[in-house]
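Here is the structure we will look at.
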């Protein structure tokens, strides 16, 4: 409160300090450096950053939030499960899609990983549905769409996904249960 942020150099600062601050601000704004934002649509098949693998703190104007590696951990557990159960051609974090893989029965599957609690599972499902539809449209081919949750959703929330053509999966005692429209659980 009432202090000057570090990124505003004084008017009598040496030119190299002002240049350093300018470059740092460009980097933080995503205009410079390895994470620079691009609007190049040709990048659609390139790798995208994966979720956090270690916890870290993120400061936001009004509060502090701790970012945990729940997403990364859930995705790693699901990938391990898939490998053990015969899935092939696993491609994590490509073109915004959390996981793309091939299944002997369903063909290519796009999976969206959503760590959640029971209280926000419906929101996670709704968000994943929109993301998966967007990914499938950009892929320009018909693929099965799967939502992977951290917790078993209640029946109504699970029905939201299943009745709209989405598969749903969640961990149960060291493995995952998968439900697809019109099929029983696959474990």
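Can you say whether residue 124 is on the phi < 0 side of the Ramachandran plot, in a helix (DSSP H, G or I), crowded, with 21+ Cβ neighbours inside 10 Å and in contact with a strand residue (DSSP E or B) (Cβ under 6 Å, 6 or more places away or on another chain), as far as the supplied structure shows? Break it down stepwise before answering.
Details: on the phi < 0 side of the Ramachandran plot: yes; in a helix (DSSP H, G or I): yes; crowded, with 21+ Cβ neighbours inside 10 Å: yes; in contact with a strand residue (DSSP E or B) (Cβ under 6 Å, 6 or more places away or on another chain): yes.
Yes, satisfied.
Residue 118: surrounded by 14 or more Cβ atoms within 10 Å (Cβ to Cβ) and modelled with pLDDT of 70 or more, yes or no?
Considered against the rule, which asks whether it is surrounded by 14 or more Cβ atoms within 10 Å (Cβ to Cβ) and modelled with pLDDT of 70 or more, residue 118 comes out as no.
Within the set of pairs 6+ apart or on separate chains, which have a first residue in segment 45-74 that is within 18 Å of residue 150 (Cα to Cα), a second that is in a loop (DSSP other than H, G, I, E, B) and modelled with pLDDT under 75, and C-beta atoms under 9 Å apart?
71/50; 72/50
Hey, which of the strands (runs of 3 or more DSSP E) in segment 78-120, taking only ones fully inside, have at least 2 residues that are more than 19 Å from residue 174 (Cβ to Cβ), free of Cβ contacts under 8 Å to residues at least 60 places away in the same chain and not assigned by TED's automatic domain parsing to the domain that holds residue 133?
Numbers: elements: 88-94, 97-103, 107-114.
Qualifying strands (runs of 3 or more DSSP E): none found.
The values are calculated or read from the model by the stated rules, or taken from the named source; none is laboratory data. Just so we're clear, the structure is a prediction, and the values are computed from it rather than from any experiment. Every residue, glycine as well, gets a Cβ built from its backbone with ideal geometry; the counts of neighbours run over all protein chains shown.
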